[in-house]
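The values are calculated or read from the model by the stated rules, or taken from the named source; none is laboratory data. Just so you know, these numbers come straight off a predicted model, no measurement behind them. Note that we place each Cβ from the backbone using ideal geometry, even for glycine, and neighbour counts take in every protein chain shown.
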Amino acid sequence: MADQIFYKYSGKKSIAEIAEITGAVVKAEGVLEEQIENVCSIESAGKEDICFFYDKKNKEMAKSIKAKACITIESLQALVPQGVIVLTVDDPKHAFVKLVSAFYEEFKKEPKIEETAKISETAKIGENCYIGHNAVIEDDVIIGDNCVIEANAFIGRGCQIGNNCRIANNASVAYCLMGNDCYVYTGARIGQDGFGFTVVNGVHKRIPQIGRVIIGNDVEVGANTCIDRGALDDTIIGNGCRIDNLVQIAHNDKIGNYCILVAQTGIAGSCNFGDYVVCGGQTGFADHLSIGSGAQIAAQSGVMKDIEPGTIVMGTPAVPFKDFMRQSVFLQKNGKK
């Protein structure tokens, strides 16, 4: 059960309500009025709870189900123990999101501006916004409707933030134009200088960075992630991207739509990503690379050349997945000699 201090619990729900929320088919008679107290994992679910079971690779988990009810898929329903109410869905992950959201939600900030917030007279704040304690909003900033700017957040001069955005505590946004429905997590840094220097008389001199960061709609930027503004051209993050914690996106990078960048991914400057690129944790990219749409980069890979669309690569330097496996087998065989 989620802690009710941190989340708002909506109360018990009947099997009929759960079926309506998730679009599930109930595989038993006379159970629609049965009450469910919580959504839990298989390991922790008890006699008043509901759990999810959809892992085809770990069918043995079904034996440990002790919940009152279980949401699963058609092909796995026969594995659920007798006495457990079975509901089936086509997309269990989507059903999980819907059901957890129905049982629990975060406490929402009431629209208001805290007295300690520092807001420029030339800034424009939309309707129904919350501006937290010690937040700083500089000159000519435009913030849309229904936004949450949490405590100690910084919004630099001239930035534009769309509707329904959340800038979490201690995050900073500068030199940025941001779309709607974005969430910048705590401690993220958007729009700082790119890492650009030139050597003059044996001394590293900073190169002025005069580009911006352009962020599309429905983008999430993880905690302590950094997105540098461009040197001349803009750094661009496409619609629907999901960027994990501790990711570095350098100046002039262009990330396509719906890309996933997992923790500690580092992308050097002026790279171009297509749409739906997936980068595992700790992947690294040399500068000026082109990564085709649909490419998948396995964790801890080092990418040093362009990647064709739809290619799955692994290793350092990164090679197609099958080549990596051949290399691994070769090294294992010859390493024993």
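Across region 101-144, what is the number of residues that are of a type in the set (S, T, N, Q) and within 26 Å of the chain's Cα centre (by Cα)?
Count: 2.
Sort out which residues of region 317-327 are touching a Gly at 6+ places or on another chain (Cβ under 8 Å), surrounded by 13 or more Cβ atoms within 10 Å (Cβ to Cβ) and not hydrophobic (A, V, I, L, M, F, W, C), and write them in order of number.
First, the residues of region 317-327 that are touching a Gly at 6+ places or on another chain (Cβ under 8 Å): 317-318, 324, 327.
Narrowing further to those that are surrounded by 13 or more Cβ atoms within 10 Å (Cβ to Cβ): 318, 324, 327.
Residue satisfying the conditions is Gln327 alone.
Any residue at all in region 150-167 that's among the aliphatic types (A, V, I, L, M) and over 24 Å from Thr235 (Cα atoms)?
For region 150-167, residues among the aliphatic types (A, V, I, L, M) and over 24 Å from Thr235 (Cα atoms): present.
Scan region 34-44 and tell me whether some residue there is farther than 30 Å from Ile142 by Cβ, free of Cβ contacts under 8 Å to residues at least 24 places away in the same chain and either assigned by TED's automatic domain parsing to the domain that holds Asn180 or part of a helix (DSSP H, G or I) (or both). Outline the logic, then answer.
Filtering region 34-44 down to residues farther than 30 Å from Ile142 by Cβ leaves 34-44.
Retained after the next criterion (residues that are free of Cβ contacts under 8 Å to residues at least 24 places away in the same chain): 35, 41, 43-44.
Adding the requirement that they be either assigned by TED's automatic domain parsing to the domain that holds Asn180 or part of a helix (DSSP H, G or I) (or both) leaves none.
Checking region 34-44: not a single residue is farther than 30 Å from Ile142 by Cβ, free of Cβ contacts under 8 Å to residues at least 24 places away in the same chain and either assigned by TED's automatic domain parsing to the domain that holds Asn180 or part of a helix (DSSP H, G or I) (or both).
From (1) surrounded by fewer than 21 Cβ atoms within 10 Å (Cβ to Cβ); (2) farther than 19 Å from Ala223 by Cβ; (3) outside the structural domain of Gly222 (by TED's automatic domain parsing), pick out the condition that doesn't hold for Leu177.
(3) is the only condition that Leu177 fails.
Pick from Thr198, Thr186: which is in a loop (DSSP other than H, G, I, E, B) and either free of Cβ contacts under 8 Å to residues at least 12 places away in the same chain or surrounded by 17 or more Cβ atoms within 10 Å (Cβ to Cβ) (or both)?
From the options Thr198, Thr186, the qualifying one is Thr186.
What are the residues in region 288-329 that are farther than 19 Å from Gly266 by Cβ and basic (Lys, Arg), if any?
Passing the criteria: Lys322, Arg326.
Filter region 5-53 down to the residues that are surrounded by fewer than 19 Cβ atoms within 10 Å (Cβ to Cβ), under 17 Å from Thr88 (Cα atoms) and hydroxyl-bearing (Ser, Thr, Tyr) and list them by number.
Ser14, Ser41, listed by residue number.
Could you list, in sequence order, all residues of region 83-95 that are more than 14 Å from Ile36 (Cβ to Cβ) and crowded, with 16+ Cβ neighbours inside 10 Å?
Within region 83-95, Thr88, Val89, Pro92 meet the criteria.
Among the residues of region 251-267, which ones are more than 20 Å from Gly179 (Cα to Cα), of a type in the set (A, V, I, L, M, F, W, C) and part of a loop (DSSP other than H, G, I, E, B)?
Val262, Ala263
Looking at region 308-316, can you tell me whether even one residue there is touching an Asp or Glu at 6+ places or on another chain (Cβ under 8 Å) and either not in a loop (DSSP other than H, G, I, E, B) or not acidic (Asp, Glu) (or both)?
No, there is no match, as no residue in region 308-316 is touching an Asp or Glu at 6+ places or on another chain (Cβ under 8 Å) and either not in a loop (DSSP other than H, G, I, E, B) or not acidic (Asp, Glu) (or both).
If a residue must be of a type in the set (S, T, N, Q) and under 15 Å from Asn170 (Cα atoms), how many such residues does region 110-152 contain?
Of all residues in region 110-152, those of a type in the set (S, T, N, Q) come to 116, 120, 122, 128, 134, 146, 152.
So of that shortlist, the ones also under 15 Å from Asn170 (Cα atoms) come out as 116, 134, 152.
Number of matching residues: 3.
Could you please tell me which pairs satisfy a Cβ distance under 9 Å, a separation of 6+ or placement on different chains, a first residue in region 45-57 that is closer than 14 Å to Thr22 by Cβ, and a second residue that is surrounded by 16 or more Cβ atoms within 10 Å (Cβ to Cβ) and among the aromatic types (Phe, Trp, Tyr)?
From region 45-57, the pairs are Phe52/Phe96; Tyr54/Phe96.
Just to check your reading of the model, which residue among Gly292, Gly187 is small (Gly, Ala, Ser) and farther than 30 Å from Gly315 by Cβ?
Testing whether each residue is small (Gly, Ala, Ser) and farther than 30 Å from Gly315 by Cβ leaves just Gly187.
Just to be sure, is Ile137 crowded, with 16+ Cβ neighbours inside 10 Å and either in the same structural domain as Ile71 (by TED's automatic domain parsing) or farther than 30 Å from Ile36 by Cβ (or both)?
For Ile137, the condition - crowded, with 16+ Cβ neighbours inside 10 Å and either in the same structural domain as Ile71 (by TED's automatic domain parsing) or farther than 30 Å from Ile36 by Cβ (or both) - is met.
(1) in contact with a strand residue (DSSP E or B) (Cβ under 6 Å, 6 or more places away or on another chain); (2) more than 29 Å from Thr316 (Cβ to Cβ): which one isn't true of His251, the others all being true?
Every listed condition holds for His251 apart from (2).
Any residue that is of a type outside the set (A, V, I, L, M), modelled with pLDDT under 95 and outside any loop (DSSP other than H, G, I, E, B) - is there at least one of those in region 82-97?
Within region 82-97, not a single residue is of a type outside the set (A, V, I, L, M), modelled with pLDDT under 95 and outside any loop (DSSP other than H, G, I, E, B).
Could you say whether any residue in region 264-276 is within 13 Å of the chain's Cα centre (by Cα) and of a type outside the set (Val, Ile, Thr)?
No, region 264-276 has no match at all.
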